[in-house]
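A short worksheet on the structure shown next.
Just so it is clear, none of the values below were taken in a lab; they were calculated from the coordinates. Note that the structure is a prediction, hence the values are computed from the model and not measured. Cβ sites come from the backbone with ideal geometry, for glycine too, and all protein chains shown count toward neighbours.
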Amino acid sequence: MSESNTPLVSLDDLRQSIDSIDTQIHDLLNRRASCAKQVAEVKLREFAAAQQFESNTDSSSSQQLLFYRPEREAQVLSRVKAANKGPLADDTVAFIFREIMSACLALEKPMEVAYLGPLGTFSQAAALKHFGHAVVSVPQSSIDEVFAKVANGQCHYGVVPVENSTEGMVSNTLDAFINSPLKICGELELRIRLNLLVAKGGKDTPITRICAHQQALAQSRQWLDAHFPGVERAAVSSNGEAARMAAEEEGVAAVAGDMAEQQYDLLQLAANIEDQPDNTTRFLIIGREDVAASGSDKTSLVVSARNRPGALFKLLEPFQKADVMLTRIDTRPSRTEPWTYVFFIEFEGHRDDSKIIDILNDIEQHSIMFKVLGSYPKAAI
Ligand SMILES: O=C(O)C(=O)C[C@]1(C(=O)O)C=C[C@@H](O)C=C1
């Protein structure tokens with residue numbers, strides 16, 4: 001018998017080893033969860049002490065009770081990825097720890113996260129990827145509603161799409177930031193795989209209308225042109241809504257992802273119909289509080305320059321001088337007067353870093369509107 005055919009350890013022995021390891025993992029998980037519960041008690045004590053101190057000194061209470069700590073979560077995820085020796089892939093280990101932290105945080109404080117619904121949208125997939133499955137994800141009818149629900153305290157956080165690798169920026173999200181008091185608390189990327197979906201039993205029904213969010217229609221335009229020329233396309237409020245319509249209306253097909261397919265129990269007529277094979281959407285996490293530095297952060301700001309030659313150069317020059325990496329710049333109409341613009345600038349670093357403080361002071365002097373939208377950990381998974 002060749003060496004590879006010789007079982008060194010029996011199946012029973014291996015399963016006994018797995019059982020024993022599972023018992024240890026189980027015990028360790030509950031020990032970790034007990035630590036997280038104690039962390040919650042410490043946070044509550046510190047919060048109460050700060051409140052008392054503030055009322056004694058008669059200052060207004062600015063202290064927020066924060067259970068969710070994005071900077072700490074990013075550090076944990078980066079650390080487990082860096083320490084991973086395999087055979088599990090780094091991303092797999094990070095996803096497992098993502099869920100462990102999500103479950104631990106739920107013991108401290110169950111969290112509600114608003115996203116662009118209905119059920120089964122990529123925004124919901126993004127919310128669960130970022131926060132893990134222990135959060136309650138709460139569907140909203142529009143991006144503006146996501147902002148509103150977080151701003152009025154009905155949800156702890158929100159998840160909004162900000163740019164797609166095929167279609168560019170999501171202008172609705174950028175515009176919503178201009179007048180919102182909310183902060184950016186995190187970011188993540190989600191690979192967008194689009195499928196053509198119809199109701200189960202609708203395999204032979206001719207497709208008369210293809211529905212999807214306008215971004216999904218644009219991301220699969222060439223495929224739809226080639227396979228369904230002349231069939232009406234309708235942009236609806238979300239891919240989840242398109243999937244719901246496909247489930248209920250005869251002849252309607254939806255362009256949507258796996259979550260929508262499962263949610264509405266649809267039939268997949270074609271898979272991966274997106275025109276760009278690496279089609280990816282970047283999402284932002286919005287909340288009411290600033291996030292402490294994690295050591296690997298980005299900052300976003302919105303700024304409007306005086307309408308004069310060299311104004312944009314003056315805004316960007318401080319980054320070049322301080323050798324700070326710009327990661328994105330977008331322009332939107334200011335909506336205050338015609339032909340004036342605001343710039344969304346995103347760069348590496350945290351607003352509390354001394355180098356970044358100097359840059360921000362410099363930019364503020366050359367701008368007529370200036371708002372830091374937040375500093376937040378770079379996407380860790
Ligand atoms: O370190 C903390 O502050 C915790 O609350 C613990 C923990 C974790 O499980 O590691 C849980 C929730 C926070 O968002 C960050 C980390």
- Note on the structure: Counted neighbours (other Cβ, 10 Å), sorted fewest up, put E41, E274, E317, E108 in the order E41, E317, E108, E274
- Message: Which entries of K298/K355; K81/K378; K149/K378 have Cα-Cα distances beyond 22 Å here?
- Response: K149/K378
- Note on the structure: In whole Hz, the Karplus estimates of ³J(HN,Hα) for region 266-272 (6.51, -1.76, 1.60; θ = phi - 60°; x where Gly or Pro) are 9, 9, 8, 7, 8, 10, 6
- Item | Order of R31, R69 - criterion: other Cβ atoms within 10 Å of each residue's Cβ, fewest first | R31, R69
- Between K371, K183, K321, find the one with the highest GNM mean-square fluctuation for the chain; connect C-alpha pairs within less than 10 Å. K321
- Give K183/K314; K183/K321; K85/K321; K109/K200 a once-over and call out the pairs whose C-alpha atoms are over 30 Å from each other. K85/K321; K109/K200
- Item | Relative contact order, percent, region 111-216 [alpha-carbon distance under 8 Å, six or more residues apart] | 25 percent
- Task: With a/c under 1.5 counting as rounded, go ahead and sort region 311-378 into rounded, prolate or oblate using the C-alpha gyration tensor (a ≥ b ≥ c being the square roots of the eigenvalues; past the cut-off, prolate if a/b is larger than b/c, else oblate).
- Result: prolate
- Just check region 60-209 against the gyration tensor rule for me: Cα atoms, a ≥ b ≥ c as the square roots of the eigenvalues, rounded for a/c under 1.5, and otherwise prolate or oblate depending on whether a/b exceeds b/c. oblate
- Message: Checking understanding here: applying a Kyte-Doolittle mean of at least 0.0 and a length along the axis of at least 24 Å (C-alpha), which whole DSSP H helices in the chain pass?
- Response: 90-108
- Which of A293, A176, A83 moves most in a GNM of the chain, Cα contacts under 10 Å? A83
- Message: Using Cβ counts within 10 Å as a stand-in for footprinting exposure, how do L174, L28 rank, fewest first?
- Response: L28, L174
- Considering only the chain, percent of DSSP beta bridges that pair antiparallel, nearest 5: 75 percent
- Note on the structure: Stretched fully, the stretch from H133 through D90 gains (0.36 nm per residue minus C-alpha distance, one decimal, in nm) 13.5 nm
- Distant-in-sequence amide H partners of T327 (H built 1.01 Å from N, under 5 Å): E346, F347, E348
- Per q in 0.09, 0.12, 0.14 1/Å, what log10 I(q)/I(0) does a Debye calculation on the alpha-carbon atoms of the chain return? -0.66, -1.05, -1.27
